[in-house]
1. What is the set of long-range amide H partners of residue 215 at a cut-off below 5 Å, with H atoms built 1.01 Å from backbone N?
2. Nearest 500 deg cm²/dmol is fine: what mean residue ellipticity at 222 nm does the chain get from its DSSP H runs of n ≥ 4 alone, each adding -39,500 (n - 2.57), divided by its residue count?
3. Could you tell me how many degrees, from 0 to 90 and to the nearest 10, lie between the Cα long axis of helix 50-59 and the main elongation axis, the longest principal axis, of the Cα atoms of the chain?
4. What angle do you read, to the nearest 10 degrees and between 0 and 90, between the alpha-carbon axis of helix 122-132 and the longest principal axis of the chain?
5. Given H placed on each backbone N at 1.01 Å, which residues far from residue 186 in sequence or on other chains put an amide H within less than 5 Å of it?
6. Pairs of Cα atoms under 8 Å, at least six residues apart: use those to get the relative contact order of the chain, whole percent.
7. With a bin width of 10 angstrom, please list the P(r) values of segment 156-267 as percents of all Cα-Cα pairs, from the 0 bin to the one holding the largest distance.
8. Tell me, 360, 164, 53 in order of fewest to most beta-carbon neighbours within 10 Å?
Amino acid sequence: MLHRDSAATKEQLLNLNEALDSGAFVQVRRILNRSLPAVDVAHLLESSPPKVRNVLWNLIDRELGGEILQHLSEDISSEILSKMNPQELVDVTAGLDLDDIADLLQQLPDQIIQEVLRSMDSQNRHRLEQVLSYPEDTAGGLMNIDTITVRPDITIDVVLRYLRLHPKIPDMTDNLPVVNRKDELVGILPISKILVSDPSSSVRELMNTDVITITAEMPELEVAQLFERHDLVSAPVVDNNHVLLGRITIDDVVDVIREEAEHSFMGMAGLDEDEDTFAPIWKTTKRRSVWLFINLLTALMASYVIGLFEAAIDKVVALAILMPIVASMGGVAGSQTLTLMIRGIALGHVAGPNTRWLIRREAIVGLISGLVWAVVVAAVAIWWFNDKTIGLVIALAVVINLVVAAVAGASLPSILRIFGVDPAIAGSVVLTTITDIVGFMAFLGLATLFYA
C-alpha cells in the first residue's frame, strides 16, 4: 500500500489518532473526509484494530468510500463489503471505473453480485458483465473498458474536436486505439502525434500499425512481463477476432507486480498475501493452523525415519549430535535453488526445455558444493570425536543431501504447478520434508552400514 510519506500527512494522522483517543468524532470525521487523501485513509484503516476500523469506516462519507476501498487489501475490503446491502454497494462504487468496480464485486458471493448488477442501468450492467466474464487474474479481468477510440478515415482536426466533447480523458491515456467499423483494432494513434501534427492529416497517415496487443485470456503475470519488456504505459486488449475489448494501463500492472511480490513473500510462510495484520484471533489461528498441521505431518515423517535407526543412534551417540548438520545444509541449499526457480518462473525466464538445463546445472552445483563442504564437515567431525568413520559417513551424507536438495529445489516448482499447487506456498514445506528425510536416511543408513 503506497501513501504519501510527508510531514503534513504524518501530522494529520497524528491529529486523527489524538482525536480518536479523546472521543472527538466530529473532528475525526472532518479529517477523514476533508483533510486526508483516500490512500492515506486506507492506510489508516489497515493500521487499526477491527473495532477502531469499524468506527472509522462509519465516519467516512459514502461518496468517498469507493475510492478508499480500492486502496485496501482484499481481506479488509471483503470484510467491509460483506456488511453492505446491494444498494449501498451501488452507492459506494458510484463514480469508480468499471474495472475497479469489478475488482471489488469479485470478492463477493455470486448472489450479491447479481443483485448489484440488477440495481445498475442497462449500459453499465452490460459493460460490467463483460469484465466479470473473465477470471480476475487474466488480462480480461484486469482491463478497463473505458476507452476512447477513433476511426482511421478521419482527420486530426476531427479527433481534437471529438476529444473536447468528453468531460475528461481516461487516466494514463498515451494513445488512442484506432478501430474499423467492426471494432477490430487496426492501429494506435499516439497523443504526442495528435498534438504536433497537421490538423488536416488523417489518422491513417499517422497511426502506428505495429501494435503490441494483449489477448483477454493472457494471465496477468504475463501482462506484467510484457509491460516490463517493452516499457509500455498502456496496451489494448483484444479478443480472438482482434476486436478491441479495452485497455490495460501501467497503474494496473504495478498493482499486479506488488501483489505477486507480497504473494511470494507471504507464501513462503504459508500465509495469504492479503492477510490482515489486525485480523481477529480466531480467524488468524484458523488460517495458520492449516500449515502448522501440514508441518506436523512432515515432521512426523522425518521422526519416523530417525526411529528406524534407533539402534545405531544408541550405539554411536555422535550420530544424534551430528544429524541436524546434514539436514540443515540440505535445507539451505535446496531453499536457495527453490527461491531462484520461483523467481525465474515469475519473471518468465523458466519454461520448457530450459528447465531441464537448470536442473542439470543445479545438480552439478550441488555436487561441487557437497564435495567442498563434505571435506570441511568431515574434518570437524573427525577432530571432534576422533573417529575417521564418522567423518566419512557425514561427508558422504552431505554430498548426497546437497545433490538431492538442488535437484528437488529445481524440479519442485514445475511439478507442483502440474498439480495446480502454488510453489510459493507449498514449495518450502515439500522441500524441507525431502531434505530432512533424505538427509537422515543417508546419514543414519550409511552409519548403520559402516558400523555394522
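Taken together, the values in this text are just the output of simple stated rules run on the coordinates, not laboratory data. Since the structure is predicted, the reported quantities are computational estimates derived from the model, not experimental observations. Here the Cβ is made from the backbone with ideal geometry for all residues, glycine too, and neighbour counts use every protein chain on show.
1. Answer set, sorted by chain and number: 238.
2. The helix contribution divided over the chain gives -21500 deg cm²/dmol.
3. Relative to the chain, helix 50-59 is tipped by roughly 10 degrees.
4. 20 degrees
5. Counting only residues 5 or more places away or on other chains, the set is 178, 179, 180.
6. 12 percent
7. Bin by bin from 0 Å, the calculated values are 13, 39, 32, 13, 4, 1.
8. Values: 360 12, 164 7, 53 20.
Listed from fewest to most nearby Cβ atoms, that is 164, 360, 53.
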